[in-house]
Amino acid sequence: MFRKDRLGGTLEELKRIAGDDNVFTGEADILAYAYDAGSARARPDAVVRVDSAEKVAPLVRLLHGAGVPFLPRLAGTNLSGGTIPLKGGVILNLSPLNKIRSIDTAAGVAVVEPGVVNLKLQEELAKAGFFYPPDPASQRVCTIGGNIGENAGGPLCLKYGVTSDNLLGMTVVTPQGETLDLSIDASGPDLPGLFTGSEGTLGIAIYARLRILPLPKHILTAVCSFASVDDAMKAVASTIAAGIVPRALEAMDRVSLDAAGGGGLKLSDRTGAVLIIELDGNSRRDLEKEMAEIRSFAAAAGSLDFREAADADERETLWAARKGAYPALAR
Ligand SMILES: Cc1cc2nc3c(=O)[nH]c(=O)nc-3n(C[C@H](O)[C@H](O)[C@H](O)COP(=O)(O)OP(=O)(O)OC[C@H]3O[C@@H](n4cnc5c(N)ncnc54)[C@H](O)[C@@H]3O)c2cc1C
């Protein structure tokens with residue numbers, strides 16, 4: 001177990017590497033980093049603001065050598081207690097590492113620092129007609145580094161996979177302070193896949209190489225309501241059995257819908273569940289054919305209604321209920 005009094009001698013060294021103004025031990029700072037979006041709580045002894053990727057390795061070597069527990073933190077939206085310092089020690093706040101290093105549409109690769117906010121990356125990619133598939137509901141604030149730590153995914157994971165499916169490589173600092181370049185193209189085991197989802201315990205990503213894809217030309221979104229979750233699942237089973245892979249297929253039960261205030265959806269008293277269905281591709285005719293098939297599967301499963309979004313604004317409205325469900329339930 002880490003003895004807190006050992007931090008004393010390490011503090012000056014932390015300041016030397018990170019900069020005097022980047023090491024925090026005041027009560028307000030400690031309290032601000034004693035919680036995340038999960039339910040656990042524990043106080044760190046110090047918080048270090050890391051303003052350069054090159055400082056991560058020397059900081060880690062120092063902490064490892066001194067036997068001081070440490071962990072990386074970004075937006076703190078994880079639900080697993082991944083940024084709770086159960087043994088005290090030091091939190092490395094990597095939020096300043098928020099640069100998009102390059103976007104190469106010809107190669108389909110973006111290189112980013114870990115503190116880049118997921119939605120910010122999506123916005124930059126959209127300007128070039130591209131997107132990065134992992135889209136957690138928290139994407140307005142969560143970061144690529146946090147997504148790597150948690151192997152995050154969102155509604156698009158059904159078709160495009162989660163973070164580990166969209167990571168081409170990364171530069172990591174191991175818990176001993178060694179810097180490694182990991183690539184899915186290297187021979188041997190899939191090390192990027194192993195590190196992803198390890199909550200930073202196997203290494204801290206300081207750069208990530210992400211797979212980016214051209215935006216599809218067409219997106220069709222529909223919402224379908226059912227009397228029960230079971231009925232909704234029958235429609236899901238028929239859709240998948242027919243070989244149709246929607247970009248998103250999300251079910252919500254009545255409890256989640258009510259918690260989210262209906263999210264702009266018109267619900268009848270009989271509604272026990274809704275299914276949000278989204279298709280994407282470059283042929284509108286193919287998508288319309290698939291949506292018609294899904295509509296018939298839904299009808300066979302006893303759907304109460306089936307509504308397609310007329311435009312992008314209506315799509316956003318249909319998604320608002322899903323994206324607001326977790327915060328609503330947490331409240
Ligand atoms: C309202 C809400 C909705 C959510 N929706 C989803 C969802 O749809 N899908 C989903 O998967 N999750 C979801 N989450 C969970 C959370 O948003 C994700 O886990 C997200 O990936 C965390 O990112 P973050 O920037 O907040 O990281 P943090 O919470 O700061 O860190 C997450 C983990 O990554 C580690 N870490 C931090 N930096 C690095 C690094 N550079 N290298 C390696 N590890 C690192 C941390 O130590 C920690 O263990 C949701 C959470 C909330 C509150």
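Using a simple charge model, +1 on the beta-carbon of Lys and Arg, -1 on the beta-carbon of Asp and Glu, nothing else, what dipole does the range 1-112 show about its Cα centre, in debye to the nearest 20? Before the final figure, lay out the partial values.
Working: 14 positive and 12 negative charges, 60 e Å.
That gives the range 1-112 a dipole magnitude of about 280 debye.
For the chain, with all protein chains present and a 1.4 Å probe, just round the carbon and sulfur fraction of the accessible area to a whole percent.
52 percent
Note down the nm distance, to one decimal, between modelled labels 7 Å out along Cα→Cβ at Ser268 and at Asn282.
Taking the two extended label points, one gets 4.1 nm.
Using Cα pairs closer than 8 Å and at least 6 residues apart in sequence, work out the relative contact order for the chain, in percent.
Numbers: 696 pairs, mean separation 45.9, N = 331.
It comes to 14 percent, rounded to a whole number.
Would you mind computing, in nm to one decimal, how far apart the modelled labels at Lys87 and Thr174 are, each placed 7 Å from Cα along Cα→Cβ?
1.8 nm
Put a dot 7 Å past each Cα toward the Cβ at Val109 and Ala242; how far apart are the dots in nm?
4.0 nm
Distance from the Cα centre of the range 166-201 to that of the range 297-328, in angstrom?
So the separation of the two Cα centres works out to 38 Å.
Taking a ≥ b ≥ c as the square roots of the Cα gyration tensor eigenvalues, with a/c under 1.5 meaning rounded and otherwise prolate when a/b beats b/c, else oblate, which class fits the range 278-318? Don't jump to the answer; show the numbers that get you there.
On the way: a/c = 3.04, a/b = 1.21, b/c = 2.52.
Cα axes put the range 278-318 in the oblate bin.
Sequence neighbours fewer than 8 away in the same chain don't count; with that in mind, list the aspartates and glutamates whose C-alpha is under 16 Å from Lys289.
The qualifying aspartates and glutamates are Glu278, Asp280, Glu308.
So what J values fall out for the range 179-196 if you push phi through Karplus, 6.51 cos²θ - 1.76 cosθ + 1.60 with θ = phi - 60°, rounded to Hz, Gly and Pro as x?
Once rounded to whole Hz, the list reads 9, 10, 9, 10, 9, 6, 8, 5, 6, x, x, 6, 5, x, x, 5, 5, 6.
If amide H atoms are built 1.01 Å from N in the plane of the peptide, which residues on other chains or at least 5 residues away come under 5 Å of the amide H of Phe130?
Leu215
Give me the compactness ratio for the range 99-152, meaning the Cα radius of gyration over 2.2 N^0.38 Å. Mind showing how you got there, number by number?
On the way: Rg = 10.4 Å, N = 54, 2.2 N^0.38 = 10.0 Å.
Ratio of Rg to 2.2 N^0.38 Å for the range 99-152: 1.04.
For the chain, with only Lys/Arg (+1) and Asp/Glu (-1) charged at the beta-carbon, what is the dipole magnitude about the Cα centre, in debye rounded to 20? Walk me through the intermediate numbers first.
Numbers: 35 positive and 41 negative charges, 63 e Å.
The calculation lands at about 300 debye.
Roughly how many Å² is the accessible area per residue of the chain, as a whole number, for a 1.4 Å probe? The partial results should precede the final answer.
On the way: 15360 Å² over 331 residues.
With all protein chains present, the chain gives 46 Å² per residue.
Taking loop as defined by DSSP and a crowding limit of 10 other beta carbons within 10 Å, which trypsin sites (Lys or Arg not before Pro) in the range 105-203 fit?
Numbers: sites: Lys120, Lys127, Arg140, Lys159; in loops: Arg140.
Answer by residue number: there is no such site.
Dipole of the range 184-331, Cα-centred, from +1 at each Lys and Arg C-beta and -1 at each Asp and Glu C-beta, to the nearest 20 debye? Could you put the intermediate results ahead of the total?
On the way: 17 positive and 21 negative charges, 24 e Å.
About 120 debye.
Could you list, in their original order, any pairs among Lys217/Lys323; Lys120/Lys234; Lys15/Lys99; Lys159/Lys234 whose Cα atoms are separated by more than 30 Å? Numbers along the way, then the final one.
On the way: Lys217/Lys323 23 Å; Lys120/Lys234 37 Å; Lys15/Lys99 23 Å; Lys159/Lys234 19 Å.
Table pairs above 30 Å Cα-Cα are Lys120/Lys234.
Indicate the gyration tensor shape class of the range 218-330 (rounded, prolate or oblate), computed on the Cα atoms with a ≥ b ≥ c the square roots of the eigenvalues: a/c under 1.5 is rounded; otherwise a/b larger than b/c is prolate and the rest oblate.
Values: a/c = 1.93, a/b = 1.31, b/c = 1.47.
Taking the square roots of the gyration eigenvalues as a ≥ b ≥ c, the range 218-330 is oblate.
List residues of the range 22-39, by number, whose backbone nitrogen lies under 12 Å from a label position 7 Å along Cα→C-beta of Asp51.
Under cut-off, by backbone N: 22-23.
Please list 3J(HN,Hα) in residue order for the range 23-29, calculated via the Karplus relation 6.51 cos²θ - 1.76 cosθ + 1.60 where θ = phi - 60°; whole Hz, with x for glycine and proline.
The phi angles translate into 10, 10, 9, x, 4, 5, 5 Hz.
Give me the Kirkwood hydrodynamic radius of the range 4-93 in Å, from all C-alpha pairs, to one decimal place? Display every interim value, and only then the final one.
Values: mean 1/r = 0.0769 Å⁻¹.
Evaluated over the range 4-93, this radius sits at 13.0 Å.
Using the charge dipole of the chain (Lys, Arg: +1 at Cβ; Asp, Glu: -1 at Cβ; taken about the Cα centre), state which of Asn147, Leu213, Val56 has its Cα farthest towards the positive end.
The Cα lying farthest towards the positive end belongs to Val56.
May I have the pair-distance distribution P(r) for the range 100-214, computed from all Cα-Cα distances with 10 Å bins from 0 and rounded to whole percent?
15, 51, 29, 4, 0
The values are calculated or read from the model by the stated rules, or taken from the named source; none is laboratory data. These numbers were taken from a predicted model, which means no experiment stands behind them. Every residue, glycine as well, gets a Cβ built from its backbone with ideal geometry; the counts of neighbours run over all protein chains shown. Just the protein is used for accessible areas: all its heavy atoms, side chains included, with ligands, DNA and RNA removed. Shrake-Rupley method; radii C 1.70, N 1.55, O 1.52, S 1.80 Å.
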